[in-house]
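Please treat every number below as a calculation from the coordinates, not as lab data. From a predicted model like this one, the values you see are computed outputs, not experimental measurements. Quick reminder, even Gly has a Cβ in these numbers, built from the backbone with ideal geometry, and neighbours come from all protein chains shown.
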Amino acid sequence: MEKIIKTKPTYVGLLGSKTKVTIIVNRLKTVGISEKDLEVLHAPLGLDIGAQTPEEIGISILAEIISEKRKNWTRYNHSWNVRPAER
């Protein structure tokens, strides 16, 4: 992980429990990785869509990657013009 962080990636997703992620982050800090460099870490990996199956978890991970790739796009950048249905 240290070698990966030193390549200055824009996104690194981590799978694992909170305990495991905490151990990884603390280890990176002890070897001199800065808080700024750690900002690229995303854990837990995947958007919270209530995924339960491996397929759904895979989709949630891909959704997060796409969201990060398009981070200048905001979720609510469109207009909802809701009007009563005409009768």
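Points worth noting:
- Which listed pairs, of LYS18/LYS69; LYS8/LYS71; LYS6/LYS71, have C-alpha distances above 20 Å, in listed order: LYS18/LYS69; LYS6/LYS71
- Panel order for ASP48, ASP37, by other beta carbons found within 10 Å of each beta carbon, from fewest to most: ASP48, ASP37.
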